[in-house]
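Read the figures in this text as sums done on the coordinates, not as results from a lab. Worth saying up front: this structure is predicted, and the values here are computed from it rather than measured. We place every Cβ from the backbone using ideal geometry, glycine too, and count neighbours over all the protein chains shown.
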Amino acid sequence: MERLRVGLIGWGTVGSALGELIRTGPLPLALACVAVRDRERPGLPKGVEIGSAEAALEADIVVELAGGVEGPLTWARQALDRGKPYVTANKALLATHGGELARLAERRVAALLGSASVGGGTPMIETVIHLAATGAIERLRGIVNATTTYILSAMGEGRSYDEALREAQEQGFAEADPSFDVEGRDAAQKLAILASVAWGRWRPETDVDTTGIVGLPVAAGDTVRLVAEATKEALSVKPMPIEPADPLARAAGIENVLEISVTDAGVFRVSGPGAGGRVTAGAVYADLARLVAGERPILFAVP
Ligand code: HSE
């Protein structure tokens with residue numbers, strides 16, 4: 001079987017882990033090009049073209065793991081306009097321009113995938129798609145940001161906010177600009193994506209009523225979490241106290257949890273590591289498996 005050529009934009013923690021999966025994993029894929037701003041930096045893969053985003057757009061599949069919105073929006077438009085599959089972990093892009101990109105993908109019969117944008121390696125989007133098939137999802141409720149879970153758990157154990165944030169940054173799961181985490185925007189973008197999938201209509205981040213954790217008093221012994229909740233009508237992200245018996249209270253460290261309530265069927269739960277290079281790259285790789293299988297999925301219903 002001919003190998004599909006992947007043009008990868010971005011070579012950070014997730015990008016380099018994906019490069020390794022493409023090299024060693026079971027799918028017939030080849031890394032054709034890696035696009036980075038600084039082509040001289042150490043750690044770039046050998047035997048692969050190191051080029052610009054434009055060079056990556058020449059491959060069969062474009063994978064964007066660069067972050068930011070402006071550049072990725074341009075690359076996504078260009079790739080989809082040429083009918084190329086676009087795979088991204090970029091929640092900010094999907095929660096701000098997902099509707100436009102889905103429409104373009106439909107017009108050009110191109111695929112648009114973003115499993116890694118929510119839940120890191122945990123198949124949250126996939127589970128919501130599966131349960132949405134009957135059109136009966138009532139409610140989503142979960143913990144979808146590892147940085148705030150880490151900080152709130154640490155504060156509940158008596159440590160300070162600053163100390164806990166520093167540790168989360170050192171461990172590499174805070175965003176490059178951690179205000180996205182602590183102000184609740186990372187969780188709001190993820191919730192908007194999940195709600196878009198659950199109710200078949202793209203919802204932007206601005207639909208989410210968002211409160212972060214900056215300045216929140218948490219005493220030793222308190223169990224507080226940043227809870228993301230959605231019904232078809234209302235989307236919110238807010239810190240709230242959690243009963244110890246609540247399954248959401250089990251989320252600690254990088255673990256994410258999502259509950260999906262379905263009419264006449266009950267509550268479904270999915271949980272797992274919500275951040276990290278290898279786990280997030282695994283979700284991107286799973287999207288690539290769908291493309292290898294010949295599918296042309298579009299993440300959101302076209303509004
Ligand atoms: N900053 C994010 C988090 C990384 O803390 O959950 C994964 O999206």
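In nm, give the distance between the simple-model label positions of residue 162 and residue 211, each being 7 Å from the Cα along the Cα-to-Cβ direction.
If labels sit at residue 162 and residue 211, their model points lie 2.6 nm apart.
Nearest 20 debye, what's the magnitude of the dipole of region 124-273 about its Cα centre given +1 on Lys and Arg Cβ and -1 on Asp and Glu Cβ?
For region 124-273, the charge dipole is close to 380 debye.
Mind ranking 151-164, 208-221, 75-88, 38-51 by how tightly packed they are, going by the mean number of other C-beta atoms within 10 angstrom, highest first?
On the way: 151-164: 17.3, 208-221: 14.9, 75-88: 21.9, 38-51: 11.4.
Top to bottom by mean Cβ count within 10 Å: 75-88, 151-164, 208-221, 38-51.
At a 10 angstrom cut-off on C-beta neighbours, averaged per residue, how do the peptides 172-179, 200-207 rank from highest to lowest? Each step should come with its number before you reach the end.
On the way: 172-179: 16.4, 200-207: 18.1.
Highest to lowest by the protection proxy: 200-207, 172-179.
Please state, to two decimals, what the Cα-based radius of gyration of region 182-279 comes to when divided by 2.2 N^0.38 Å (N = residues).
1.12
Note down the magnitude of the dipole of the chain about its Cα centre, charges +1 on Lys and Arg C-beta and -1 on Asp and Glu C-beta and zero elsewhere, to the nearest 20 debye. Display every interim value, and only then the final one.
Numbers: 30 positive and 38 negative charges, 175 e Å.
Rounded to the nearest 20 debye, it is 840 debye.
Cα centroids of region 105-173 and region 1-54: how far apart, whole angstrom?
Between the Cα centre of region 105-173 and that of region 1-54, the gap is 25 Å.
Among residues other than residue 250 whose Cβ falls under 14 Å from its Cβ, what is the net charge (Lys/Arg +1, Asp/Glu -1)?
On the way: positive: 141, 225, 269; negative: 243, 246, 255, 259.
Charge balance in the 14 Å sphere: -1.
Could you pull out every residue, at least 5 positions away or on a different chain, whose amide H is within less than 5 Å of the one on residue 235? Hs are placed 1.01 Å off N in the peptide plane, and Pro or chain starts have none.
When sequence neighbours closer than 5 places are left aside, the close amide H contacts are 209.
Go ahead and run the numbers for FRET between residue 37 and residue 58, Cβ-Cβ distance against an R0 of 22 Å, rounding to 0.05. Can you show the working numbers first?
Values: r = 18 Å, r/R0 = 0.83.
The value I calculate is 0.75.
For region 39-185, compute the orientation-averaged projected area of the C-alpha convex hull (one quarter of its surface), in nm².
On the way: hull surface 46.3 nm².
So the mean shadow area of the Cα hull is 11.6 nm².
Excluding residues on the same chain fewer than 8 positions from residue 46, give the aspartates and glutamates whose Cα lies under 18 Å from its Cα.
Reachable aspartates and glutamates: 20, 38.
Relative contact order, percent, of the chain when contacts are C-alpha pairs under 8 Å separated by at least 6 residues?
Details: 685 pairs, mean separation 68.3, N = 303.
Dividing the mean separation by the residue count of the chain yields 23 percent.
Taking every pair of Cα atoms in the chain, average 1/r, invert it to obtain the Kirkwood radius, and report Rg/Rh to two decimals.
Details: Rg = 18.9 Å, Rh = 19.5 Å.
Here the Rg-to-Rh quotient is 0.97.
Taking θ as phi - 60°, what are the ³J(HN,Hα) couplings along region 51-65 by the Karplus curve (6.51, -1.76, 1.60), each to the nearest whole Hz, with x for Gly and Pro?
For region 51-65, the Karplus curve yields x, 8, 4, 4, 5, 5, 6, 7, 6, 6, 10, 9, 10, 10, 10 Hz.
How large is ³J(HN,Hα) for each residue in region 124-139, as worked out from phi by the Karplus curve 6.51 cos²θ - 1.76 cosθ + 1.60 (θ = phi - 60°), to whole Hz, x for Gly and Pro?
7, 4, 4, 5, 5, 4, 4, 6, 6, 4, 7, x, 10, 6, 9, 7
Taking the highest mean first, how do the peptides 246-256, 125-135, 12-22 order by number of other beta carbon atoms within 10 angstrom per residue?
Numbers: 246-256: 18.5, 125-135: 16.5, 12-22: 21.1.
In descending order of packing, they fall as 12-22, 246-256, 125-135.
Note down the relative contact order for region 1-67 as a percent, whole number, built from C-alpha pairs under 8 angstrom at least six residues apart.
Details: 122 pairs, mean separation 31.5, N = 67.
RCO, region 1-67: 47 percent.
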